[in-house]
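Have a look at the structure below before the remarks.
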Protein chains: 2
Amino acid sequence: MGAPPGYRPSAWVHLLHQLPRADFQLRPVPSGFAPQEQEYQQALLLVAALAGLGLGLSLIFIAVYLIRFCCCRPPEPPGSKTPSPGGGCVTWSCIVALLAGCIGIGIGFYGNSETSDGVSQLSSALLHANHTLSAIDHLVLETVERLGEAVRTELTTLEEVLEPRTELVAAARGARRQAEAVAQQLQGLAFWQGVPLSPLQVAEDVSFVEEYRWLAYVLLLLLELLVCLFTLLGLAKQSKWLVIVMTVMSLLVLVLSWGSMGLEAATAVGLSDFYSNPDPYVLNLTQEETGLSSDILSYYFLCNQAVSNPFQQRLTLSQRALANIHSQLLGLEREAVPQFPSAQKPLLSLEETLNVTEGNFHQLVALLHCRGLHKDYGAALRGLCEDALEGLLFLLLFSLLSAGALATALCSLPRAWALFPPSDDYDDTDDDDPFNPQESKRFVQWQSSI
Amino acid sequence: MGAPPGYRPSAWVHLLHQLPRADFQLRPVPSGFAPQEQEYQQALLLVAALAGLGLGLSLIFIAVYLIRFCCCRPPEPPGSKTPSPGGGCVTWSCIVALLAGCIGIGIGFYGNSETSDGVSQLSSALLHANHTLSAIDHLVLETVERLGEAVRTELTTLEEVLEPRTELVAAARGARRQAEAVAQQLQGLAFWQGVPLSPLQVAEDVSFVEEYRWLAYVLLLLLELLVCLFTLLGLAKQSKWLVIVMTVMSLLVLVLSWGSMGLEAATAVGLSDFYSNPDPYVLNLTQEETGLSSDILSYYFLCNQAVSNPFQQRLTLSQRALANIHSQLLGLEREAVPQFPSAQKPLLSLEETLNVTEGNFHQLVALLHCRGLHKDYGAALRGLCEDALEGLLFLLLFSLLSAGALATALCSLPRAWALFPPSDDYDDTDDDDPFNPQESKRFVQWQSSI
């Protein structure tokens with residue numbers, strides 16, 4: 001049987017997994033997923049710290065650029081009306097940067113929705129697994145109860161009816177023993193009963209965290225969108241105070257972008273390590289959390305020819321016992337009913353119970369088979385490590401684009417606003433047309449004077 | 001057991017499903033999904049035709065607007081240098097329309113990727129179903145062959161060895177009969193053998209069509225993006241020929257947008273009808289295509305308590321026969337081995353075969369259970385009718401936005417280009433700065449002259 005088709009780590013997982021990692025002492029760290037080890041934690045923190053380094057470097061660059069611009073300007077003759085050279089270039093570069101930021105925001109919205117899709121796939125797979133596990137428990141409980149009820153009532157009645165013939169009573173006792181054996185074997189199949197880990201709880205926790213992560217990103221994206229739009233508006237209306245406020249906001253969003261980039265990079269690296277070989281980690285973790293035997297867990301997590309069904313023997317024994325009960329009931333029907341007509345009713349009732357039990361048994365065999373739960377495991381992995389990782393990479397691209405765009409805008413904005421005329425002149429320039437031919441003529445004259 | 005959690009038509013499905021439909025004679029058509037009926041086809045065509053109506057109306061509106069603009073212009077004094085009023089407004093509205101078009105393109109890319117995700121979920125579910133169905137056939141074939149081989153070799157050897165004692169030979173013959181009965185019962189379980197419909201083929205066909213649909217949309221989106229960008233460039237550089245070419249291209253893309261809107265609307269309405277009650281349609285279609293009994297198909301497509309497992313009896317009979325073979329082999333081992341030591345080897349080999357057959361039987365029970373295949377069916381439905389439908393609605397929004405944006409641009413572009421100065425004046429106005437203060441002063445003067 002093996003795994004269903006199409007579970008393969010993507011090229012991105014391989015790429016991220018092969019990046020070199022180091023701890024705080026810059027010693028290389030193996031890229032196996034081991035979040036409990038201090039070295040590995042340090043390696044991930046170092047990846048996140050790279051974003052901090054990026055933030056520091058870009059802040060230094062912006063500061064140096066602006067100080068150089070403020071202090072090293074060629075002295076302007078007082079009352080001069082000619083514009084400083086490169087004014088158009090500064091404003092255009094600012095606009096292009098903000099448009100790049102807007103494209104980044106679009107990518108960010110897409111990445112956020114992809115990540116959210118991936119995580120909701122994970123929680124839906126957990127819900128499915130929970131459904132299967134509780135169906136197993138429920139089916140076992142129901143079947144054992146039904147068998148117990150049949151043993152207590154119909155078989156007791158039958159034994160009482162058949163009392164005159166000891167060999168028939170012995171056959172009925174045999175059926176009772178087999179039914180008790182089946183009930184005992186079945187009880188052993190409800191392997192998730194009493195396990196402290198509930199996939200439902202995990203799914204709810206994951207959804208809860210994801211809701212806030214999603215909301216935080218949407219707020220960040222909207223904040224950046226507003227900053228971009230209001231900056232463009234400020235440039236268009238040449239409103240100094242709006243541009244100043246937006247410069248400060250840009251600085252804030254720049255810090256947030258680099259911060260989110262650090263988180264995304266560390267998470268993406270961690271996820272790629274996890275997904276390049278997830279089975280051992282998940283196996284160990286589940287074993288610690290649930291205390292189930294490794295036979296059962298390997299069967300469900302690996303689900304291939306090499307791992308045999310740990311319930312095989314119990315199932316076979318139950319199946320044989322059910323078949324034996326059936327043949328004993330058939331024998332009793334043949335032998336006893338002609339002599340004791342009152343035995344027919346409990347016998348028919350017992351046969352019906354047997355049929356229902358066999359139906360439940362087949363359902364139980366289907367539920368216990370690794371196929372269903374392994375498919376949920378695969379879906380959870382793909383949700384987390386394909387869709388969510390892809391979304392994270394898009395968010396990373398958004399953070400990179402917005403960091404670049406905001407840094408460029410922060411360099412350009414103070415220069416652009418230095419070019420603004422005193423504000424009282426331009427209170428009502430609402431309808432300025434960038435492409436108006438009347439404007440361009442003046443612009444060409446101005447350009448030729450540069 | 002019932003369906004796993006979370007299969008419910010979305011609000012969009014309900015909304016679209018409740019829209020009134022009519023055929024070509026405008027008689028109301030029931031909104032059940034019936035693509036083979038002429039009335040329903042007419043209703044969908046009418047939905048698509050609404051887009052054609054929209055295209056016609058917007059073309060008429062653009063034509064009337066432009067004719068009115070060309071013919072009813074106030075006579076301009078020859079040699080006049082004052083701009084016609086509202087020039088800035090025209091260009092700005094054109095820019096805003098093109099930016100709205102760009103936002104629409106972003107939404108379109110998202111919708112296209114969502115639709116593609118949904119369809120790939122459908123084909124992956126079909127691949128899973130194909131995997132399950134072929135695994136059933138393969139397992140049945142393997143088990144029947146193994147049993148046949150055991151009957152031909154080990155049981156024949158055993159009968160030869162036990163020939164001196166007729167009651168033992170009779171027991172061996174009983175085991176042979178049971179094994180043949182199991183093989184016969186199992187052969188009836190390979191229900192998909194010889195069925196002309198292959199989910200693999202369907203999945204490949206769906207992927208093939210989807211590939212071209214995806215590509216067509218990407219090309220349309222890129223074409224519209226290029227048109228928007230080059231129109232903006234033409235406006236910025238005041239290049240008349242570029243704006244004229246882009247006006248013609250805008251007209252082409254406007255037609256394509258309305259065309260795609262018609263297709264999307266009809267598909268979305270059809271999908272919503274389908275998804276609001278998919279089971280009867282899929283059941284009928286599959287029955288026609290495969291010729292399988294409705295028992296089997298209902299079991300897999302509905303998979304609830306009300307539908308009993310159609311293989312239940314075969315499974316129970318096989319299970320009892322396997323248990324009988326086991327007890328006969330046990331009896332033979334007890335009786336025959338002390339007397340005929342050479343019977344031990346074939347008996348052990350037979351027991352091993354029996355164990356493997358019981359393992360295969362449990363796997364077969366799991367594969368035949370409706371749970372797995374029904375989950376694939378649910379995944380296919382959700383892929384098609386949640387993700388793909390959501391994507392289609394986003395594409396519809398893109399088409400609407402781009403139709404509106406392009407119609408506005410088509411109204412504004414000729415007016416904007418009429419405002420352009422003769423081209424030889426403006427060959428080198430590359431770096432015009434819309435927010436340059438030097439330009440704005442002139443602009444204010446011009447504005448006050450309006």
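The values are calculated or read from the model by the stated rules, or taken from the named source; none is laboratory data. Note that the structure is a prediction, hence the values are computed from the model and not measured. In this analysis, Cβ positions are derived from the backbone assuming ideal geometry, glycine residues included, and neighbour counts consider all displayed protein chains. The area values use the complete protein model at the heavy-atom level, side chains included, leaving out ligands, DNA and RNA. Shrake-Rupley method; radii C 1.70, N 1.55, O 1.52, S 1.80 Å.
Under Stokes-Einstein, with the Kirkwood radius over Cα pairs as Rh, the value for segment A:125-174 at 10 °C and 1.306 mPa s is 121 µm²/s. Once backbone amide H atoms are built at 1.01 Å from N, B:A22 has B:V29 as its partners under 5 Å, excluding neighbours fewer than 5 places away on the same chain. Between copies, the label points at B:F24 (set 7 angstrom from Cα along Cα-to-Cβ) are spaced 7.9 nm, reported in nanometres from shortest to longest. About its Cα centre, the dipole of segment B:357-403 is roughly 60 debye, where the only charges are +1 on Lys and Arg Cβ and -1 on Asp and Glu Cβ. Candidates B:L127, A:L419, A:Q18 compared by Cα position along the dipole of the protein assembly as shown: farthest toward the positive end lies A:L419, with charges placed on Cβ.
Placing unit charges on the Cβ atoms of the charged side chains and taking the dipole of chain A about its Cα centre, the candidate lying farthest along the positive direction among A:A172, A:S318, A:A343 is A:S318. Per residue of peptide A:123-136, the mean number of Cβ atoms on other chains within 10 Å of the residue Cβ is 2. A Förster distance of 51 Å, applied to the separation of the beta-carbon atoms of A:Q312 and A:R213, puts the FRET efficiency at 0.75. In chain B, the longest principal axis of the Cα atoms and the axis of helix B:38-71 are about 20 degrees apart. Put a plus charge on the Cβ of each Lys and Arg, a minus charge on the Cβ of each Asp and Glu, and nothing anywhere else: the dipole of chain A about its Cα centre is then about 1160 debye. The H on the amide N of B:V195, modeled in the peptide plane, is under 5 Å from the matching H of no residue at least 5 residues off or on a different chain. Relative to the longest principal axis of the Cα atoms of chain B, the long axis of helix B:437-449 makes an angle of roughly 60 degrees. Each residue of segment B:176-182 was assigned a 3J(HN,Hα) from its phi angle through the Karplus curve 6.51 cos²θ - 1.76 cosθ + 1.60 (θ = phi - 60°); the sequence is 4, 4, 5, 5, 5, 5, 4 Hz, with glycine and proline shown as x.
Ranking A:C70, B:C94 by solvent-accessible area of protein heavy atoms (1.4 Å probe, all protein chains present), from largest to smallest, gives A:C70, B:C94.
For an R0 of 22 angstrom, estimate the FRET efficiency from the Cβ-Cβ distance between B:V255 and B:L66 and round to the nearest 0.05. Here the calculated transfer efficiency is 0.85.
Each principal axis of chain A carries a Cα extent, and these read 129, 52, 31 Å when sorted largest first.
Would you tell me the mean number of C-beta atoms belonging to other protein chains that fall within 10 Å of each C-beta in A:321-330, as a whole number?
Mean partner shielding for this stretch: 3.
Rg/Rh for segment A:138-262 stands at 1.67; both radii use Cα atoms, and Rh follows the Kirkwood definition.
When the accessible areas of B alone and A alone are added and the area of the pair subtracted, with a 1.4 Å probe, the result is around 6600 Å², both sides summed. Peptide B:364-370 shows a mean partner chain C-beta count of 6 within 10 Å per residue C-beta.
Determine the relative contact order of chain B: mean sequence separation of Cα pairs under 8 Å and six or more apart, normalised by residue count, in whole percent.
Values: 491 pairs, mean separation 165.0, N = 450.
Taking the mean separation of contacting Cα pairs over the length of chain B, I get 37 percent.
Residues in segment A:392-405 carry Karplus couplings, in order, of 4, 5, 5, 5, 5, 4, 4, 4, 4, 4, 6, 5, x, 5 Hz; the curve used is 6.51 cos²θ - 1.76 cosθ + 1.60 with θ = phi - 60°, and Gly or Pro positions show x. Here is how far apart the A:G188 label points are across copies: 3.2 nm, shortest first, using a point 7 Å from Cα toward Cβ. Where the centre of each part is set by its Cα atoms, how far does segment A:154-228 sit from segment B:328-360, in angstrom? Each part reduced to its Cα centre gives a spacing of 37 Å. Its Cα centre serving as origin, the protein assembly as shown has a Cβ charge dipole (Lys and Arg +1, Asp and Glu -1) of approximately 1020 debye. For B:W12, A:W214, the ranking by accessible surface with the largest value first comes to B:W12, A:W214, using a 1.4 Å probe. Per residue, the accessible area of segment A:374-425 comes to 30 Å² when a 1.4 Å probe rolls over the protein heavy atoms.
Any chance you could count the Lys pairs in chain A whose alpha carbons are under 24 Å apart, treating pairs 8 or more apart or on different chains as valid?
The result is 4.
Remark: segment A:188-199, residue by residue, has Karplus-estimated 3J(HN,Hα) of x, 7, 7, 6, 8, 5, x, 7, x, 8, 10, x Hz, where x stands for each Gly or Pro and the curve is 6.51 cos²θ - 1.76 cosθ + 1.60 at θ = phi - 60°. Here the protein assembly as shown is treated as a Stokes sphere of Kirkwood radius computed over C-alpha pairs; at 4 °C and 1.567 mPa s its diffusion coefficient rounds to 39 µm²/s. Model label points for A:N304 and A:T153, set 7 angstrom from Cα along the Cα-to-Cβ axis, are 5.0 nm apart. Subtracting the Cα-Cα distance of B:I103 and B:H138 from 0.36 nm times their residue separation leaves 7.4 nm of extension gain. Legend: residues B:E39, A:E159, sorted from most to least accessible area (1.4 Å probe; ligands, DNA and RNA excluded), read B:E39, A:E159.
Each peptide among A:145-153, A:18-26 gets the average number of other Cβ atoms lying within 10 Å of its residues, and from highest to lowest they stand as A:145-153, A:18-26.
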